[in-house]
1. Name every residue in the stretch 324-358 that is out of contact with any strand residue (DSSP E or B) (no Cβ under 6 Å at 6 or more places or on another chain), more than 26 Å from Ala37 (Cα to Cα) and open to solvent by 30 Å² or more (accessible area, probe 1.4 Å), in order of residue number.
2. Given the options Ala441, Ala402, name the one that is farther than 24 Å from Pro330 by Cβ and surrounded by 13 or more Cβ atoms within 10 Å (Cβ to Cβ).
3. Are there any pairs with C-beta distances below 7 angstrom linking a residue in the stretch 1-22 that is under 16 Å from Gly502 (Cα atoms) and touching a residue at least 12 places away in the same chain (Cβ under 8 Å) to a residue that is open to solvent by 100 Å² or more (accessible area, probe 1.4 Å) and in a helix (DSSP H, G or I), with the two at least 6 apart or on different chains, and if so which?
4. Out of the stretch 452-473, which residues are part of a strand (DSSP E or B) and either open to solvent by 10 Å² or more (accessible area, probe 1.4 Å) or on the phi > 0 side of the Ramachandran plot (or both)?
5. Mind checking which pairs have a first residue in the stretch 72-97 that is among the polar types (S, T, N, Q) and a second that is open to solvent by 30 Å² or more (accessible area, probe 1.4 Å), Cβ under 6 Å, 6 or more apart or different chains?
6. Find the helices (runs of 4 or more DSSP H) located wholly in the stretch 125-225 whose residues include 1 or more that are of a type in the set (Val, Ile, Thr) and without any contact (Cβ under 8 Å) to a residue 60 or more places away in the chain, and list them.
7. Out of Thr458, Thr395, which single residue is at pLDDT 90 or above, touching a helix residue (DSSP H, G or I) at 6+ places or on another chain (Cβ under 9 Å) and of a type in the set (Ser, Thr, Tyr)?
8. Tally the residues that are touching a residue at least 60 places away in the same chain (Cβ under 8 Å), of a type in the set (D, E, K, R) and over 30 Å from Ala375 (Cα atoms), restricting the search to the stretch 283-320.
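The values are calculated or read from the model by the stated rules, or taken from the named source; none is laboratory data. Predicted, not measured: the structure shown is a model, and the values here were computed from it. So basically every Cβ, Gly included, is an ideal-geometry build from the backbone, and we count neighbours across all protein chains shown. Please note that ligands, DNA and RNA were not included when accessible areas were found on the heavy atoms of the full protein model with its side chains. Shrake-Rupley method; radii C 1.70, N 1.55, O 1.52, S 1.80 Å.
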Amino acid sequence: ALIPLILIGGAVLLGTAIAAIQLVPTAELQRQSQRSAGAAESFALNFSYEWPALVTQFNPFFFGNPGDGTYQIGGEYFETASYIGILPCVLALLTIGHFVRFRRRLDPVSTAIQLIPFWALVTGIAFVFAFGRNSPIFVFLFRHVPTFNLFQAPARWLLLATFSMSALAGVGVSLWRPDRRSIARGRLALVGALTIAGIGLVAVIAIKGGSGVIPRSLLVLGLQLAAVAIAFAWQPLQPTHWRRWAIGVLLFVAVDLWWANALSNPTVPASFYDPRPPQSMARTFIPDATLNTLEFDRFLLFKDYRVAVTRQSDYRAAGLPDMNLLDRQPSFNTFEPLRPDGIERFTALLNSNPAPNLFAAAAISTPANPSPPRAWLVPNIIRAADPFHDMADPTWQPYQSAFVETDSPTLTGSSPLNDKNAAHIDSETPLSLEISVNATATAALIVADAWYPGWVATIDDTPTLIYRANGAFRAVIIPAGQHRVIMRYQPDSVRIGALISGLALAIWLVLCAVLVFSRRIASHFVMISGRGRPPSLQKTPFL
């Protein structure tokens, strides 16, 4: 009984190793991000699945659809929509019931049969986790078990639920056998489904104008279940008719899924994405309060997706992250779930204290300083255990001094910024930055780009250290004279992840070769011995 679990565990371990080229850098980002010590409970348990939403597994629009502005309940539809189709959902449930009723009559050698309890367990666990704040189990895990407090939006566990339910539905297809008893029960289910539809129709008529969302949804749910019942009640017993019936069932599933998603992602003309001239070549910044108002109160309403379409011109011109990428407009705002902790704390400082010196330190344009430099020289380096506290001092001048990590050297001198001194960005790519520097005295080159592990620097092709400056940015100590500084992103996490993925992929290929070779030997042995294999699935009633 442990062999399937061992095989599953080995497969998960091997799959994780193959994905290491993505997972290792992601783990590094997690450690460097604002969530490295865990997320606040109120923030992390946002976007939790609600218990009434279980009915949307059968009818995704039971409580309305934000695509047409009819969404009626709280929560975020785009986080909790997990509809796989009414027929696949019913098949998944029937597969579990079929296994419970007939597990002693099913072929224990079949891998599909052995995996039914596993997929059922994954489905149950995924739903329990998806309920988030509405699940005492998940709340306990969040508070007491490491890693559970690192992620937001428990509803995203529904990804596992939809995958495992789809797998159960696939097993159910292989178990589906025409049977007179199943046909009779399908016809009985049809009567029940039509009864539900009739109740919904009466409720729609009773409500003036038929404007009630739930009565209409009840009517649609009854019709959906009726279609599923028809699929069972009129399944052919003759193999010659089965193909036409199967094509009809597939068409129903395809139409059902199209209907469920037709309104979920409103579209705009392709010209909406045409690049436009950037507002400026300097960075912009939108305070969080203004950003939240623009995004969620004016354009991206959770209950009505049509607003963003009707206001698309204003939305396009608002400069919201990450819309600025279309126009190559530099912006200090990002719309990312994980950001380096220094950038997150500097953003919080800007929101609480929008002082000109802080904008200059981040190379953000202001009316008084419309074109701040991204790279400059400072004569003074001050060690600071908490630079964000020190930078809040309104007298601090970012072009005269910088706060750096406690393990960096200190500098004290007069300003080297005169006609003979400059720091100029000559060229850049997303992975490199080349800067020409001319200093009359030893100074620190400050680059107002994010400090992050993996960035390395050279001065005239000689390696040098990069220090964290002003809590979020980069600093390099520059000796007097003219120099060429090159910064490159060469992360060890990607190299290590690639090595693990390469080794795991090689192991997988070897296992595949061994499996193919062993099957050929087994087939040859069966042919010689004349022995056959038992059928993988027995013909048992599905309903």
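1. Passing the criteria: Leu325, Leu326, Arg328, Pro354, Pro356.
2. On inspection, the qualifying residue turns out to be Ala441.
3. Cβ pairs passing all conditions: Leu14/Trp508; Ile18/Trp508.
4. Across the stretch 452-473, the qualifying residues are Trp455, Val456, Thr458, Ile459, Thr462, Pro463, Thr464, Tyr467, Arg468.
5. Ser82/Thr162
6. The qualifying helices (runs of 4 or more DSSP H) are 136-144, 180-206.
7. Thr395
8. Residues in the stretch 283-320 being touching a residue at least 60 places away in the same chain (Cβ under 8 Å), of a type in the set (D, E, K, R) and over 30 Å from Ala375 (Cα atoms): 3 in total.
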